[in-house]
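Novice: Supplied in structure tokens, the structure appears directly below.
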Amino acid sequence: MSETLLLSRYKLTTFLACRRRFQLRYLAAAAWPAAPLAVADEARLGLGQQFHQLAQRHFLGLPVQATAIDDRTLRGWWLAFARFILPEMPHGRILPELTLTIPIGRHLLHGRFDLLIIGEQNGAPFARIFDWKTGRPPDETTLRHDWQTRLYLAMLAEGGQALWGEERSPLQLEQISITYWYAAAPEKPLTIPYTATWHTQNWAEIAAIVAQIEAQQMAGSIWPLTEDRTQCRVCAYQALCGRQEVGAPALSATEGAVPLLADEETEDLRALPLEPALP
Ligand code: SF4
């Protein structure tokens, strides 16, 4: 029997981009020399991490003094965050940096929310995910199709009831949403509500991808190389696959859109620095 996998959104997107990359990276743990991020991206990444820590500190009930934040950019982000997003927060149980792991077949789906607020409105439970990012927001359609949106909403739909306890009223899928806050457009947080219809389709697609991963595990040997060679341009495994002819990857494809990364995500980015910017 194949091993049980812990599947994050990064792993799903990696599998969809190239099965061979998934095998090399997550099953064979193949190392490659880590190319440095561009200086601007490195600095922005650091600020993103610091911002996450500020937000976590705030939601843990510890004071955050804007005047004590030395970096101008970071201070500006924090002031905008405090002005535009904090007043919009619903009342409820505040769960910063919450990790959720739920089963899917023999495998596990795994995600960490920047912030989850759960509570009740008019006697009905609700669950709102919040996520912080730098850069410009994509359009709503792009965001709806993003695997972070799809996976996080689906995980909450499948496993969120455990946060209340089975004896409470069921969490209706229409009471689940994810809100993205972009530092570059702080006054326009983007909220995407979930629906039962969407979940039926979304969960079926996630399950189908997991089934494909498992089928590939069972097939063993060398997982197929992608036919989309543009993927190889941003992959550090070119030499292992004999795909050097696709050309050198750009070290920075972010153009100021580096996400405000949580630790787990930072590790992913640093582990695969030649991949495109995370959404
Ligand atoms: S170089 Fe291309 S084929 Fe090889 S792992 Fe990377 S994306 Fe896949």
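Novice: Taking the Cα-to-Cβ direction at residue 2 and at residue 195 and moving 7 Å from each Cα, how far apart do the two end points lie in nm?
Specialist: Once both label points are built, they end up 3.3 nm from each other.
Novice: Calculate, in nm to one decimal, what residue 57 and residue 205 gain on full extension: separation in residues at 0.36 nm each, minus their alpha carbon distance. Working shown, then result.
Specialist: On the way: separation 148, 0.36 × 148 = 53.28 nm, distance 3.63 nm.
That pair, residue 57 and residue 205, stretches by 49.7 nm at full extension.
Novice: Only Cα pairs under 8 Å and at least 6 apart count here; give the relative contact order of the range 6-271 as a rounded whole percent. Write out the running numbers ahead of the final one.
Specialist: On the way: 340 pairs, mean separation 68.9, N = 266.
Reported relative contact order: 26 percent.
Novice: Moving on. Please express the Cα-Cα pair-distance distribution P(r) of the range 6-271 as a list of whole percents, one per 10 Å bin, running from 0 to the bin with the greatest distance.
Specialist: 6, 26, 33, 24, 9, 1, 0
Novice: Share of antiparallel DSSP beta bridges in the range 6-271, in percent to the nearest 5? Mind dumping the intermediate values first?
Specialist: Working: 23 of 32 bridges.
Percent antiparallel among DSSP bridges in the range 6-271 is about 70.
Novice: Same structure, new question: Using only alpha-carbon positions, what ratio does the radius of gyration of the range 23-152 give when scaled by 2.2 N^0.38 Å?
Specialist: This ratio for the range 23-152 stands at 1.27.
Novice: Can I ask one more? When only DSSP loop residues count, what trypsin sites (Lys or Arg not before Pro) in the range 149-233 have their Cβ near at most 14 other Cβ atoms within 10 Å? Mind dumping the intermediate values first?
Specialist: Numbers: sites: 150, 168, 229, 233; in loops: 168.
Qualifying residues, ordered by number: 168.
Coordinate-derived values only; no laboratory data. The structure displayed is predicted, hence computed values, not measured ones. Neighbour counts are summed over all protein chains in view; Cβ atoms, including those assigned to glycine, are modelled from backbone coordinates with ideal geometry.
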